[in-house]
Structure formats: C-alpha cells, structure tokens
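The values are calculated or read from the model by the stated rules, or taken from the named source; none is laboratory data. Here the structure is a predicted model, which means the values were calculated and not measured. When we count neighbours, we look across all protein chains shown, and the Cβ atoms used for this are built from the backbone with ideal geometry, even at glycine. Note: areas computed on protein heavy atoms with side chains; ligands, DNA, RNA excluded. Shrake-Rupley method; radii C 1.70, N 1.55, O 1.52, S 1.80 Å.
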Amino acid sequence: MTVGILTSGGDAPGMNTAVRAAFRALKMREPDREILFFRDGFRGLARRLDSASDRNVDRRAIRDIIHRGGTFLGTGRVPELRLPEGPVADLEERLAAREAFLRVAVANLYQMQVDHLVVIGGDGSFRGAKLIAESFRSAFPRRPFRVIGVPASIDNDIFGSQYSIGFDSALNNVVDAIRKIRDTVESHKRAIILEVMGNTSGWLALQSAIAGGAAIVAIPEVEASYDHDLILQRLAAGIRRDYRYFIIVVAEGVHKRAGADWSIRLGARIEADPRIREALGGAMEVRLNSIGHLARGGSPSALDNTLAGLLGAAAADVIQTGSVGGEPVIEGDAVVGIHGPFPVVLSLEEVVQGSPRLVTVQSPLYQLSEKLMLQAEQPF
Ligand code: F6P
C-alpha cells in the first residue's frame, strides 16, 4: 500500500520540511514503502493522475527543499469542498459539484492503492480531508484508508496544536515589517493602521503587535478591541502621555466582521479627533498599510523547521506504529500536533470540531496585550 502526501490551503513556510520529514521518517523504518506526492493540494487528487502526482518518489524528490518557503508540491483551495455558511441559493448545484469532485478523488486514491493520506494544511484542509475519507470509506468499505493531518497555517488557529507550521515565520515577517514601518511612522509622527492576515482569528495580529511593540491591536474575537470610540480614547490617552506616533495593528478578521472600510473610518476619526488636534496643533496624519501575502513568504524560521520536522516525523510514527511517543492510539483519521516540546495525536473529528481555535479575553497573550499596550486610563 502507498502513503500519499499533499500540501493544501494557504502555503505556509515549513510545509516543504514537513513533507521531507514525513518522507524520511517513513523510509527510515520501511525503505520499500511506496510514497506518492499529489500536486496542487486536493486539486491534484481529482485530476488525471499522470499529470497531478509523482509516483514512487525517491529521496531525490526531497533534496534542497528544507530552506525554501512556499510548497514545492503546489497547493490550492477547492471551492467544491466548502459550502458557504448560511442559506445558499444554489445548494443543489454545489452539492452535485462536491459529489463529482469526491467521486473522482476517491477513485484515484483507490486506484493508486493509497491507504494513508498525509494532509499538510490548515483547518479548511482538514474539513476537506474528512469529507474525502468519509467518501472513500463509503465507496470502498473493505479497503483500509486513513487521513493523517499535519497542522500548517500562518493563522495558528488549529485546535489541539499549540503551534502550526508557518506561524513563527509569518510572525517574524510581520514583526520585521512593523519595525520597518516604525522608522517611517516615527519620522513623520503619523499613525499607521497595519492590516495583518489571520482569517477569522487574531493570533498573528496579536502576537506580532506584542512582539513589535504596537500601541493598539484590534482582533475579531474581542469586540472592544475594534470599537472606534475605545481606540480613540486610548489614542487620546497616549497623546496626553506624549506619544507622537502610533502603530495600530488590525487583524484582517476585523475587516470581515466590522466592515472592509473599518480602517478608513478609523483613520478619518483619528485625523478629525479634537483631542489629538488640540494637543498637536493640527491633525495627526494617518496611513493605511496591509502586509498581505508578504507575511507568508520567505524561508521558514528555525523554529518552524524544527516543528515541521517533529510533526512530519510524528505523522510517519502514527502511520507505522499507531501513535507518537506513548500517546493513546487513535484508530481512525488523526491529526498530529505539538504540546510544549511533545508531539501529540488527536482525532481528526475533534480537531475539525474545535477549529478554528480563537483568541479569548482570558488568553494569556490577550491579557499581556492589555498590560503592554495603550489603555484609555494610561497611568504612566
Ligand atoms: O489561512 C492562511 C491565510 O493566509 C489567511 O490568513 C488568509 O485569510 C488567507 O489565507 C488568504 O488566502 P489566499 O491566499 O487564498 O488569498
């Protein structure tokens, strides 16, 4: 039987290392185990296999990739696998498209004799993988088949894993951008509103704002953090304490939740604010920036490569021994994760149910942000 490996969803630095680690760990134990790479994420499962997969790959396929960002296997999102939330007008068509996709994908997996599919990606990919696994088992009930998920996403919002591959590299990219932006913002005595990716979660914005020394962070999970009135109060308190420039980090999820013009409206209010105008003798200029996909690029950090090594090898352990490092055996579809220095294994079902893992007001990092960033009653 064959182990299939693919990367899926938004690329994340360290994905290549995870592929390499899974490959090497599998082959270390079973040199003859056949390994197959699917190209372009789940899309590669449902295409002609000669163009969308690399069969029986040998170690040359994973040479010179450990330092490279992105994913050499390619990735993608498959809209057929994702139904929009809420009522959908064309539900029947969408379900039919999903069935058509799944039919081809499971037939290909069957034909290629894949009994384990390693999916390196985020929570959306794990949801897709669950559908594929269920479809496979209903189509071919006597053929063994399992999915092993490896968390890789700059959003760091996967339930059960303290960190996901790519988060640390993205964090460093964003902090680097904040440091660069600080030079120009400070020189001009401006306020900058900087949008940071993260989908529906605020982890990347929150941690980069803390590490980068931002004055304000706005995340979608905490309504008060993106309330314009409260932010203005905090900025006015800063002005009273001689702040003359501001770095405001906003998670992209705030724009999804509070309107795409959230930053524009906040910028206009900062420029018009009478407290700031009076203290400065005129308006404080505001500039809007978005780090966007730059957060996802570049070489993986050393931490991400270490994590990717641990989790890729843990996926191989689950496939070959049933578990990792003394963790209870999970029979069905599984996801490996990290808890402190230890790889752990969870069921795919619980990871899908619990994701996305969101920031709460009680999260130690959120609590820290309240201690380190501007408050409306800034006491010093
Ligand atoms: O999930 C990773 C992520 O970078 C999110 O932070 C962001 O919302 C999304 O992917 C962007 O997706 P795309 O690359 O498809 O534009």
Seminar exercise, completed: Of (1) farther than 30 Å from residue 245 by Cα; (2) open to solvent by 30 Å² or more (accessible area, probe 1.4 Å); (3) acidic (Asp, Glu); (4) modelled with pLDDT of 95 or more, residue 331 satisfies every one except (4)
For this session: Report whether or not residue 336 is under 19 Å from the mean Cα position of the chain (by Cα), under 20 Å from residue 15 (Cα atoms), open to solvent by less than 20 Å² (accessible area, probe 1.4 Å) and touching a residue at least 40 places away in the same chain (Cβ under 8 Å).
Result: yes
Problem set entry | Looking only at segment 252-268, and only at residues there that are surrounded by fewer than 16 Cβ atoms within 10 Å (Cβ to Cβ) and away from the ligand (no atom under 16 Å from the Cβ), the one that is nearest to residue 242 (Cα to Cα) | 268
Problem set entry | Test: residue in segment 336-354 that is under 23 Å from residue 226 (Cα atoms), outside any loop (DSSP other than H, G, I, E, B) and not hydroxyl-bearing (Ser, Thr, Tyr) | no
Problem set entry | Residue within segment 359-368 that is within 16 Å of the ligand (Cβ to nearest atom) and not basic (Lys, Arg) present | yes
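I'd like the full set of residues that are among the aromatic types (Phe, Trp, Tyr) and either open to solvent by less than 50 Å² (accessible area, probe 1.4 Å) or not assigned by TED's automatic domain parsing to the domain that holds residue 178 (or both), limited to segment 205-251. Before you say what the answer is, go through the steps one by one.
Residues of segment 205-251 that are among the aromatic types (Phe, Trp, Tyr), as a first pass: 226, 243, 245-246.
Within segment 205-251, 226, 246 qualify.
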For this session: Considering (1) open to solvent by 40 Å² or more (accessible area, probe 1.4 Å); (2) within 16 Å of the ligand (Cβ to nearest atom); (3) not assigned by TED's automatic domain parsing to the domain that holds residue 175, say which one residue 304 fails and leave the rest.
Result: (1)
For this session: May I ask you to list pairs of residues, at least six apart or on different chains, whose Cβ atoms are under 6 Å apart, with the first in segment 85-100 being within 21 Å of residue 43 (Cα to Cα) and the second being charged (D, E, K, R) and open to solvent by less than 60 Å² (accessible area, probe 1.4 Å)?
Result: 97/80; 98/80
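Going by the conditions given, is residue 323 open to solvent by less than 80 Å² (accessible area, probe 1.4 Å), in the same structural domain as residue 66 (by TED's automatic domain parsing), more than 22 Å from the chain's Cα centre (by Cα) and not aliphatic (A, V, I, L, M)? Break it down stepwise before answering.
Numbers: open to solvent by less than 80 Å² (accessible area, probe 1.4 Å): yes; in the same structural domain as residue 66 (by TED's automatic domain parsing): yes; more than 22 Å from the chain's Cα centre (by Cα): yes; not aliphatic (A, V, I, L, M): yes.
Yes.
Taking segment 1-45 as the region of interest, how many residues are within 21 Å of residue 136 (Cβ to Cβ) and in contact with a Leu (Cβ under 8 Å, 6 or more places away or on another chain)?
The first filter runs over segment 1-45 and keeps only residues within 21 Å of residue 136 (Cβ to Cβ), leaving 1-9, 22, 26, 33-45.
Add one more test, that the residue is in contact with a Leu (Cβ under 8 Å, 6 or more places away or on another chain), and what stays is 2-7, 33, 35, 37-42, 44-45.
Number satisfying all stated conditions: 16.
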For this session: Collect the residues in segment 64-111 that are part of a loop (DSSP other than H, G, I, E, B), at pLDDT 95 or above and either within 26 Å of residue 1 (Cα to Cα) or open to solvent by less than 50 Å² (accessible area, probe 1.4 Å) (or both), keeping them in residue-number order.
Result: 65, 69, 70, 71, 72, 73, 74, 75
Exercise. In segment 25-48, which residues are among the hydrophobic types (A, V, I, L, M, F, W, C) and crowded, with 18+ Cβ neighbours inside 10 Å?
Worked result: 25, 26, 35, 36, 37, 38, 42, 45, 46
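Within segment 240-265, can you find the residues that are farther than 22 Å from residue 356 by Cβ and touching a Phe, Trp or Tyr at 6+ places or on another chain (Cβ under 9 Å)? If you could, list the steps in order and put the result at the bottom.
The first filter runs over segment 240-265 and keeps only residues farther than 22 Å from residue 356 by Cβ, leaving 240-248, 261, 263-265.
Scanning segment 240-265 gives a single hit, 241.
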Exercise. Does any residue in segment 229-251 that is free of Cβ contacts under 8 Å to residues at least 40 places away in the same chain come within less than 6 Å, Cβ to Cβ, of a residue that is assigned to a helix (DSSP H, G or I) and not basic (Lys, Arg) six or more places away or on a different chain, and which pairs are these?
Worked result: none
Problem set entry | Positions within segment 70-102 being closer than 27 Å to residue 294 by Cα and touching an Asp or Glu at 6+ places or on another chain (Cβ under 7 Å), in sequence order | 70, 71, 74, 75, 76
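Return the residue satisfying two criteria in turn: it lies in segment 151-183 and is open to solvent by 30 Å² or more (accessible area, probe 1.4 Å) and within 27 Å of residue 350 (Cα to Cα), and of such residues it is farthest from the ligand (Cβ to nearest atom). Steps first, please.
Just the residues of segment 151-183 that are open to solvent by 30 Å² or more (accessible area, probe 1.4 Å), to begin with: 159, 162-163, 168, 172-173, 176, 179-180, 182-183.
If we keep only those that are within 27 Å of residue 350 (Cα to Cα) too, we end up with 159, 162-163, 168.
Details: 159: 15, 162: 18, 163: 15, 168: 14 Å.
So the residue we want is 162.
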For this session: Being free of Cβ contacts under 8 Å to residues at least 12 places away in the same chain and closer than 15 Å to residue 296 by Cβ narrows it down to one of 183, 176, 157, so name that one.
Result: 176
Seminar exercise, completed: Inside segment 184-204, the number of residues satisfying the requirement of being near the ligand (Cβ under 10 Å from one of its atoms) and open to solvent by less than 10 Å² (accessible area, probe 1.4 Å) is 4
